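The values are calculated or read from the model by the stated rules, or taken from the named source; none is laboratory data. This one's a predicted model, so the numbers in the text were calculated from it and none came from an experiment. Here Cβ is always computed from backbone atoms with ideal geometry, including for glycine, and neighbour counts include all displayed protein chains. To get the accessible areas, we keep the full protein, side chains included, count just its heavy atoms, and leave off ligands, DNA and RNA. Shrake-Rupley method; radii C 1.70, N 1.55, O 1.52, S 1.80 Å.
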Amino acid sequence: MTLNELGAKLSEMYNNAPKGDSVAMIHLFGIKYASEIKGCNYSKKDIITQSGISTSYLTELTKGVKLAEYVIPKN
């Protein structure tokens, strides 16, 4: 995936999250797209910046990518 695609998907998941689940959606993005995130030449900070959400969520994205080793999304 390109940087634009990753950023757009993260933005979509974050902005369309049910009330109170925005941070969980950042984690879920990290889980679902961990292989793309790890395999690309972009940093997690680049992806966050491209998405338009606050860079303070970088830690949350990192948590999601780490969780991908241990969990499988339901959908």
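Structural remarks
- Extreme residue, least open to solvent (accessible area, probe 1.4 Å), among residues of the stretch 37-57 that are among the hydrophobic types (A, V, I, L, M, F, W, C) and under 19 Å from Asp21 (Cβ atoms): Ile48
- From the list Ile53, Ile48, the lone residue that is in a loop (DSSP other than H, G, I, E, B) and not charged (D, E, K, R) is Ile53.
- Selection status of Asn75, at negative phi, in a loop (DSSP other than H, G, I, E, B), out of contact with any His (no Cβ under 7 Å at 6 or more places or on another chain) and surrounded by fewer than 16 Cβ atoms within 10 Å (Cβ to Cβ): yes
- Residue match in the stretch 14-25 (condition: acidic (Asp, Glu), in a helix (DSSP H, G or I) and open to solvent by 40 Å² or more (accessible area, probe 1.4 Å)): no
- Number of the exception - Asp46 against (1) touching a Ser or Thr at 6+ places or on another chain (Cβ under 9 Å); (2) over 16 Å from Pro73 (Cα atoms): (1)
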